[in-house]
Amino acid sequence: MSNRIVVMGGGISGLSAALLLARRGFEVTVLERDQAPPGELAAIGDWHRPGAPQTRQLHTFLGLFRQHLRTHLPDVLEDLLAHGAEEVGIATPSGEAAAGAEDLVVLASRRPTVEWALERALRREPGAEIRYGTSVRRAEVQDGRISGVLVRGGVIDAGVLIDAAGRRSPLRDEFTVLEGDEECGVVYNTRFYRLLDGVPRPPLKRGVTTMVAGDGFGGGLFYHDNRTFAIGIGRLPDDNDLKALREADAFDQVTALFPEFEPWLRDGASEVLTEVVPMAGLRNSLRGLAPEAPLGYGVLGDALCTTDPAFGRGASVAMHQAVMFAEAFAGDPGSLPGLVREVTARAKEWVRPWYDDSVQADFVRTRLWQASVDGHPLPQGAGVPPVSLFSLMEAGEHDPHLWQAAQRVAGLLAPLDSLDTPENRRRLQEVWASGHRPQPPSGPSRADLVEVLAASSR
C-alpha cells in the first residue's frame, strides 16, 4: 500500500492541506483539473478557473484564516503582505487598535492572490507535486481501502485520498451522504475595481467592508489586495425587477445610488477591472462520509460543507479543516487511513454550528426581503432584541466589549455559543436603555433601484 497522499483539488482547501502535510514530511500529490496560475501576480486577473467560478467573486479572509497563516504558514502570510495583501484591524468599528484584541485582524486579499501564494509555497516543498489539467476519473479501492486514483494516463498509487474538489467533486455523491441542504435564497452580482494611484483609500465601516442594506436587497464593498475592491449586490432569486443588475450599465447606475460607494466610484477615483459576475444556485449544504466510503477517503472544504458566501466563512473553514487534518496526521502517521475517517467526522461536527447558523440567518433574511418585495414589510420589534451576532454588532457601535465579542464570533475565533452570556445580555440591555436603536438604511430604497433599472432597459 502506497504512503502517498493524493489531494484532489487545488483551491484554498487542497493547497492548504497539501502544504501543511508536506511540511510534516508526507509525500503529497495535488491533482487540479484547471490550469496553473500565472507566474506573475500582475496577471492573476486573467487566470481562468472554470472548475471554481467562485474565485471571481469577492472574498473575506477572517481572523481565523489569518491566525492559521500566522501560526502554521508564516512565510505564506509574509509573501502575501509583500505582494499587496493587507492586514486590517477590526478591534474597533473605526479600525483602531485596542489592548487585548490583537487577534481581531483580517486579511484583505482577492482569493486568486491567496491561492497564488499558497501554490508558490507548495512548489518549494521537495515532497510535494502539483499536476494541473488533471481530473480524477475514479478512486481505486482494494479490500475496502483507497489504493489510488485513476486519471488520464493511468493510476496514481495512494494510501490516502483527500477530496478538496468542492461542490463539483466527481466522488462526492459516491462516497458521502447529504445531511443538510437548504437554499441560500439569494443571487449575487459582483464587479471588481482598482483605486487609481495617488487616490487615498476611502474609509471603511467595518474592517475591510462597508455593508449596505435595503428593503428587499443588500450588498457591500469589500477591500482586497493591491488597491483592488469589489462591490456585490444581493437580491432574491425570483425578484425579476432586479434581474437587470447582471448588466454592466444597470449595475453601475445602481451602485452610484449608494452614498457609501461614492468616494470609491467617483470620476478619477478608480477603474473597472471586470464585468459584472453573477453567482446563483447557492445552497447551504452539509455532508458526511457514507458507510460504504473506503478507508483512507476524507473530505474537507466545500466538498464537506457550503454556506452562504455573504458570511465569508468558506476560506477560513477550509483552512481550519486543513489544519485539523495535518495536526492529526502528524500525531499518528502510522494509521492514516483510519485517521482520515475520524478527522472528516470531527471536521463535520466542528462546522455544523456554522452551517446551522447560516441556514437560520438565510431563512430570516429571505422572509424579510420577500415581505418587502410583496409590499408588506415586517414590523421591527419594539423591545430589546435577543442576543445574536447581528444585535451585538449593532450595539457594539456603542460598547467596545460587545463589538469585540461579535467580531470574534464573526471571525470564527470564538464559538457561536459564546455570544449569549449574562454580561453580554446586560450590556445589550444597557445600550438599548441609553436610547440606541439600529439606524434605518440611509441609501436607496428598492423602489429607487427598480426605477433606475427600468430606465436603463429602455
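The values are calculated or read from the model by the stated rules, or taken from the named source; none is laboratory data. Remember, predicted model here, so these are calculated numbers, not experimental data. Note that we place each Cβ from the backbone using ideal geometry, even for glycine, and neighbour counts take in every protein chain shown.
For segment 133-159, name all the residues that are in contact with a Pro (Cβ under 9 Å, 6 or more places away or on another chain) and closer than 30 Å to residue 80 by Cα.
135
Could you tell me which residue of segment 132-160 is nearest to residue 235 (Cα to Cα), considering only residues that are surrounded by 13 or more Cβ atoms within 10 Å (Cβ to Cβ) and either in contact with a helix residue (DSSP H, G or I) (Cβ under 8 Å, 6 or more places away or on another chain) or among the acidic types (Asp, Glu) (or both)?
Among those residues, the one meeting the criterion is 139.
Checking residue 82 against (1) over 24 Å from residue 9 (Cα atoms); (2) crowded, with 18+ Cβ neighbours inside 10 Å; (3) of a type outside the set (Phe, Trp, Tyr): exactly one of these is not met. Which one?
Status for residue 82: all satisfied but (2).
Go through 308, 249, 302 for me and flag whichever is of a type outside the set (A, V, I, L, M) and within 28 Å of residue 379 (Cα to Cα). Spell out the reasoning first.
Numbers: 249 fails: within 28 Å of residue 379 (Cα to Cα); 302 fails: within 28 Å of residue 379 (Cα to Cα).
Just a single option satisfies the conditions, and that option is 308.
Being part of a helix (DSSP H, G or I) and surrounded by fewer than 16 Cβ atoms within 10 Å (Cβ to Cβ) is the filter here; which residues of segment 369-388 pass it? First the steps, then the outcome.
So the first thing to find is which residues in segment 369-388 are part of a helix (DSSP H, G or I), and the list is 369-373.
Answer for segment 369-388, where residues must be part of a helix (DSSP H, G or I) and surrounded by fewer than 16 Cβ atoms within 10 Å (Cβ to Cβ): just 371.
Let me confirm something: among 408, 427, which residue is closer than 30 Å to residue 261 by Cβ, of a type in the set (Lys, Arg), touching a residue at least 24 places away in the same chain (Cβ under 8 Å) and out of contact with any Lys or Arg (no Cβ under 7 Å at 6 or more places or on another chain)? Give the steps one after another, and end with the answer.
Details: 427 fails: closer than 30 Å to residue 261 by Cβ.
Checking each option against the conditions leaves just 408.
Consider segment 293-308. How many of its residues are touching a Gly at 6+ places or on another chain (Cβ under 9 Å) and farther than 13 Å from residue 12 by Cβ? Can you show your working first?
Applying the first criterion (touching a Gly at 6+ places or on another chain (Cβ under 9 Å)) to segment 293-308 yields 294-296, 299-308.
Of the ones still in play, those that are also farther than 13 Å from residue 12 by Cβ are 294-296, 299, 304-308.
The qualifying residues number 9.
Give me the pairs, please: first residue somewhere in segment 267-295 and over 19 Å from residue 57 (Cα atoms) and in the same structural domain as residue 243 (by TED's automatic domain parsing), second residue anywhere and part of a loop (DSSP other than H, G, I, E, B) and among the aliphatic types (A, V, I, L, M), beta-carbon distance under 8 Å, and either six or more positions apart or on two chains.
268/196; 268/199; 269/196; 269/199
What are the residues in segment 404-427 that are over 23 Å from residue 212 (Cα atoms) and either of a type in the set (A, V, I, L, M, F, W, C) or assigned to a loop (DSSP other than H, G, I, E, B) (or both), if any? Give the derivation first.
Of the residues in segment 404-427, the ones over 23 Å from residue 212 (Cα atoms) are 413-427.
Residues satisfying the conditions are 413, 414, 415, 416, 419, 420, 421.
What are the pairs, 6+ residues apart or on separate chains, where a residue within segment 432-458 that is aliphatic (A, V, I, L, M) has its Cβ under 6 Å from a residue that is surrounded by 14 or more Cβ atoms within 10 Å (Cβ to Cβ) and modelled with pLDDT of 80 or more?
These pairs meet every condition: 449/254; 450/241; 452/253; 452/254; 453/244; 453/250.
Condition test on residue 113, is it touching a Leu at 6+ places or on another chain (Cβ under 7 Å) and not assigned by TED's automatic domain parsing to the domain that holds residue 227? Break it down into steps so the answer makes sense when it comes.
Working: touching a Leu at 6+ places or on another chain (Cβ under 7 Å): yes; not assigned by TED's automatic domain parsing to the domain that holds residue 227: yes.
So residue 113 passes the test.
Only one of these is assigned by TED's automatic domain parsing to the domain that holds residue 324, under 12 Å from residue 125 (Cα atoms) and not aromatic (Phe, Trp, Tyr): 18, 36, 42. Name it.
Details: 36 fails: under 12 Å from residue 125 (Cα atoms); 42 fails: under 12 Å from residue 125 (Cα atoms).
Step by step, each of 18, 36, 42 is checked, and only 18 is assigned by TED's automatic domain parsing to the domain that holds residue 324, under 12 Å from residue 125 (Cα atoms) and not aromatic (Phe, Trp, Tyr).
Of the conditions (1) surrounded by 14 or more Cβ atoms within 10 Å (Cβ to Cβ); (2) within 30 Å of residue 143 (Cα to Cα), residue 335 clears all except one; give me its number.
Unmet condition: (1).
Being under 29 Å from residue 282 (Cβ atoms) and not β-branched (Val, Ile, Thr) is true for just one of 13, 2. Which residue is that? Steps first, please.
Numbers: 2 fails: under 29 Å from residue 282 (Cβ atoms).
Result: 13 is the single residue among 13, 2 that is under 29 Å from residue 282 (Cβ atoms) and not β-branched (Val, Ile, Thr).
Among 437, 426, 458, 365, which is in contact with a Gly (Cβ under 8 Å, 6 or more places away or on another chain) and among the basic types (Lys, Arg)?
None of the other options fit; the residue is 365.
Select from segment 413-457 the residues that are of a type in the set (Lys, Arg) and surrounded by 14 or more Cβ atoms within 10 Å (Cβ to Cβ) and list them in ascending order.
Here is the first cut: in segment 413-457, the residues of a type in the set (Lys, Arg) are 425-427, 437, 446.
Result: 425, 427, 446.
Can you tell me which of 108, 117 is buried (at least 23 other Cβ atoms within 10 Å of the Cβ) and farther than 17 Å from residue 312 by Cβ?
117
Could you check how many residues of segment 163-202 are of a type outside the set (Asp, Glu), free of Cβ contacts under 8 Å to residues at least 60 places away in the same chain and more than 25 Å from residue 300 (Cβ to Cβ)? Quick ask: steps written out before the conclusion?
Quick first cut of segment 163-202, residues of a type outside the set (Asp, Glu) only: 164-172, 175-178, 180, 184-196, 198-202.
Within this subset, residues satisfying the condition of being free of Cβ contacts under 8 Å to residues at least 60 places away in the same chain are 170, 198, 200-201.
Next cut, more than 25 Å from residue 300 (Cβ to Cβ) only: 198, 200-201.
Residues flagged as of a type outside the set (Asp, Glu), free of Cβ contacts under 8 Å to residues at least 60 places away in the same chain and more than 25 Å from residue 300 (Cβ to Cβ) within segment 163-202 amount to 3.
Checking the condition in contact with a helix residue (DSSP H, G or I) (Cβ under 9 Å, 6 or more places away or on another chain) and not assigned by TED's automatic domain parsing to the domain that holds residue 146, which residue from 97, 91 passes? First the steps, then the outcome.
On the way: 97 fails: in contact with a helix residue (DSSP H, G or I) (Cβ under 9 Å, 6 or more places away or on another chain).
Unique residue meeting the criteria: 91.
Give segment 150-174 a look and list any residue that's of a type outside the set (Lys, Arg) and assigned to a helix (DSSP H, G or I), or say none. Before the answer, list the steps.
Within segment 150-174, the first condition is being of a type outside the set (Lys, Arg), and the residues that meet it are 150-151, 153-166, 169-171, 173-174.
166, 173, 174 - these are the residues of segment 150-174 that are of a type outside the set (Lys, Arg) and assigned to a helix (DSSP H, G or I).
Any idea which residue in segment 257-279 is farthest from residue 213 (Cα to Cα), counting only those that are surrounded by fewer than 14 Cβ atoms within 10 Å (Cβ to Cβ) and more than 24 Å from the chain's Cα centre (by Cα)?
268
Give the residues of segment 242-252 that are touching a helix residue (DSSP H, G or I) at 6+ places or on another chain (Cβ under 6 Å) and surrounded by fewer than 17 Cβ atoms within 10 Å (Cβ to Cβ), sorted by residue number.
If the condition is that a residue be touching a helix residue (DSSP H, G or I) at 6+ places or on another chain (Cβ under 6 Å) and surrounded by fewer than 17 Cβ atoms within 10 Å (Cβ to Cβ), then 249 is the only one that fits.
What number of residues within segment 143-180 satisfy the criterion of being within 20 Å of residue 21 (Cβ to Cβ) and among the polar types (S, T, N, Q)?
Result for segment 143-180: 2.
Could you list, in sequence order, the residues of segment 43-61 that are modelled with pLDDT under 80 and surrounded by 11 or more Cβ atoms within 10 Å (Cβ to Cβ)? Steps first, please.
Taking segment 43-61 as the starting set, the residues that turn out to be modelled with pLDDT under 80 are 43-57.
Of everything in segment 43-61, those that are modelled with pLDDT under 80 and surrounded by 11 or more Cβ atoms within 10 Å (Cβ to Cβ) turn out to be 43, 44, 45, 47, 49, 51, 52, 53, 54, 55, 56, 57.
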